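Every read-out reported here was derived from the displayed coordinates using simple, explicitly stated rules and does not represent laboratory data. Quick caveat, the model's predicted, so the values are computed rather than measured. So basically every Cβ, Gly included, is an ideal-geometry build from the backbone, and we count neighbours across all protein chains shown.
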Amino acid sequence: MPTYREFHRRSLADREAFWREQAALIDWHRPYEQVLDYSRPPFARWFVGGQTNLCHNALDRHLGVRAEQQALVWISTEVNQTRSFTYGELHAEVNRAAAMMQSLGVKRGDRVIIYMPMVPEAAFAILACARLGAIHSVVFGGFAASSLAARIDDARPALMITADGGSRMGKPVLYKSLVDESLKIARHPPRKVLIFRRGLDENMPVVADRDVDWATLAKDFNGASVACAWLESNEPSYILFTSGTTGRPKGVQRDVGGYAVALASSMKHIFCGEPGETMFTTSDIGWVVGHSYIIYAPLLAGMTTIMYEGVPIRPDAGIWWKIVEDYKVSVMFSAPTAIRVLKKHDLSYVRKHDLSTLKHLFLAGEPLDEPTHQWISESLGRPVIDHYWQTETGWPLLSAHPGVEQTPIKMGSPSFPVYGYDVRLLHEQTGKPVADGEKGVVAIAPPLPPGCMSTVWGDDERFVNTYFRDFKDQLIYSTFDWGIRDKDGYYYILGRTDDVINVAGHRLGTREIEEAVSMHPNVAECAVVGVADQLKGQLPLAFAVLKDAGKRTSAEDVMQTVDRQLGAIARPKAVHFVTLLPKTRSGKTLRRAIQALAEGRDPGDLTTIEDPTALTQIKEALRT
Ligand code: AMP
């Protein structure tokens, strides 16, 4: 076994041979001709000319030996149901869903928006898209109608798939009526909407000629068989929208072959998931973690994947550990916020379960504070691995690699660069590498490894300008995160360099929230900053200037506007009204100064401020 260091070194120094070995972890219908085409930097094309299919690799490939093994176990503590599917059964469901989608006109290359709660049909739909070579774009169920409409207009789907409703803390959340609302404002609505009815909205409206009932259509395609579309490795597999510095979300586009290889290899070298074992990822299919580690990677690895609908504390704070015991989970993946929620509950909820099958708990999505890392490690008595990645990378960028070498864990650090990533820490201004112990911007020297985004959907220029132009003279990918490396080579993430905030592991652009606040008819302008929160990591805080100060406007009114525009996940913790915002003389809002004040820190250098009384107002508002 090589050491981690040697493994990582080889992945860069002997890139082609290294990735050729990893590519053998998946099936290729036609072999690739070239491992990497990097003739048009920074666009990297992996496994050029090779033909494969994600659904084939996730399902069909395993049928010979695992047709009877559980592939997907769905557990809902919201509606108190469990449904399980063997590889054989999941294959049949996905074939039927693919045939249904075909009958609604979906063809290879078409986009399909999936706006669904955590139900098995969402997984069927995702895998059916992969089977057909259609491009899925899953939108998180917490987003509001206008956010959904913006994503519809960017993706221009041939079909949308939704459900009548979801459920949160036992209360129904209506999905279909929100889809209807979004389709009223979208300029490029799909021809058809396929609806999976769960009986959660008895009064669900139906639009004739457009809406199709899942169960009724499914009857026509029992036992259907649909051949996998063999896609060139670099054809798009999916689009996943994510927030950035501008108000407009970006469609992260991913390929087929590189993604399959990266995920399959990560299961071996990072997550240590063996065929026949069970993986439990507590995320939502609407996020990248759900795409990669609820759906694709565990199935590529021949594992059983658990899909959970519910919260971690219902019926009690032991539910996740009960699942680990009942299903003999060997790999678990969650987020720090969830662990902070569980930390508030009695330790006996963890201790009463037999967790002996669990090899590791992986946590990602937001900074993992040391006390939480310590608490969960001690409570489980199992290694807890903090690892760091982004929607853009699709799989980890910094992590321990227990499948390669057991390296000691340092609390507060997601360990080392993952193989394939040439990680640099660069000085913000000079772009030169910083010394150990000095803070720099976490950057990746291209080419990006397999699995990372190929481009921004429909906008190559935006891909280059957004991610590769942070340092003038170098074409280098910026993560927009600050980091530091200690003398032993361990990295620590220190927060974002841009205006993106992270609420309970969910990434939101403050610009996006500002635009939502500004939709209130009486708001003239506003500033939104992220402030530290003990439970959720960060929460948005808004400062608004009213158009007509005499007109009654409550903070609640403004919050409801945000709920309607973006969804409740973006709702500010508070809205403060001021008559002016602190700005530089060139008109830039001093968000970092506002944030420092809100967190009780020194606002720093304020020599460029236009009117210092604006800051006095912020301070006063914060006192109330
Ligand atoms: P997303 O694309 O929504 O997954 O968000 C990615 C961002 O979440 C990163 O750029 C980081 O700011 C943050 N993040 C993800 N994982 C970690 C981690 N392990 N430690 C610190 N920050 C993290």
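Convex hull of alpha carbon positions in region 87-229: directionally averaged projected area 8.2 nm².
Projecting the Cα atoms of Val434, Ser478, Gly451 onto the charge dipole of region 398-496 (Cβ charges, centred on the Cα centre) puts Val434 farthest toward the positive pole. Beyond 15 Å, what percent of the Cα pairs of region 441-496 remain? Summing the P(r) tail past 15 Å for region 441-496 gives 56 percent.
When only alpha carbons of region 23-172 are considered, Rg and Dmax amount to 17.7, 53 Å.
The relative contact order of region 267-407, computed from alpha carbon pairs under 8 Å that lie at least 6 residues apart in sequence, is 26 percent. Taking only the Cα atoms of the chain, the ratio Rg/Rh comes out at 0.95, with Rh defined as the Kirkwood radius.
Take every Cα pair under 8 Å whose residues are at least 6 apart in sequence, average their separation, divide by the length of region 441-496, and the relative contact order is 36 percent. Only helices enter this figure: runs of n ≥ 4 DSSP H residues, each worth -39500 (n - 2.57), summed and divided by the residues of the chain, yield -8000 deg cm²/dmol at 222 nm to the nearest 500.
The Cβ shell under 10 Å around Leu159 holds other residues with a net charge of +2, Lys and Arg each +1, Asp and Glu each -1. Summing Cβ point charges (Lys, Arg +1; Asp, Glu -1) relative to the Cα centre of the chain gives a dipole of roughly 420 debye. Each residue in Thr305, Thr86, Thr584 was given a count of other beta-carbon atoms within 10 angstrom of its own, and listing them fewest first yields Thr584, Thr86, Thr305.
As a test, work out the antiparallel percent of DSSP beta bridges whose residues both lie in the chain, rounded to the nearest 5. That works out to approximately 60 percent antiparallel. What GluC sites (Glu not before Pro) in region 141-234 are in a loop by DSSP, with at most 11 other Cβ atoms within 10 Å of the Cβ? Loop-located and lightly packed - Glu202. Semi-axes of the equivalent ellipsoid for region 1-65, computed as √(5λ) from the eigenvalues of its C-alpha gyration tensor and ordered from largest down, come to 24, 19, 9 Å. Spread over its residues, the convex hull of the C-alpha atoms of region 329-386 is 70 Å³ per residue. Averaging over all projection directions, the Cα-based convex hull of region 147-252 occupies 9.7 nm² in the image plane.
Annotation for region 549-614 versus region 21-52: alpha-carbon center distance of 48 Å. Just to confirm my numbers, what's the Cα centroid distance between region 314-378 and region 59-133 in Å? First find each Cα centre; the distance between them is then 28 Å.
Partners of Lys547 within straight-line reach, counting lysines whose Cα lies under 19 Å from its Cα and excluding those fewer than 8 residues away in the same chain: Lys583.
Considering only alpha-carbon pairs that sit under 8 angstrom and 6 or more positions apart, the relative contact order computed for the chain is 12 percent. Straight-line cross-link reach from Lys268 at under 29 Å between alpha-carbon atoms covers these lysines, not counting any fewer than eight positions away in the same chain: Lys322, Lys328, Lys359, Lys410, Lys487.
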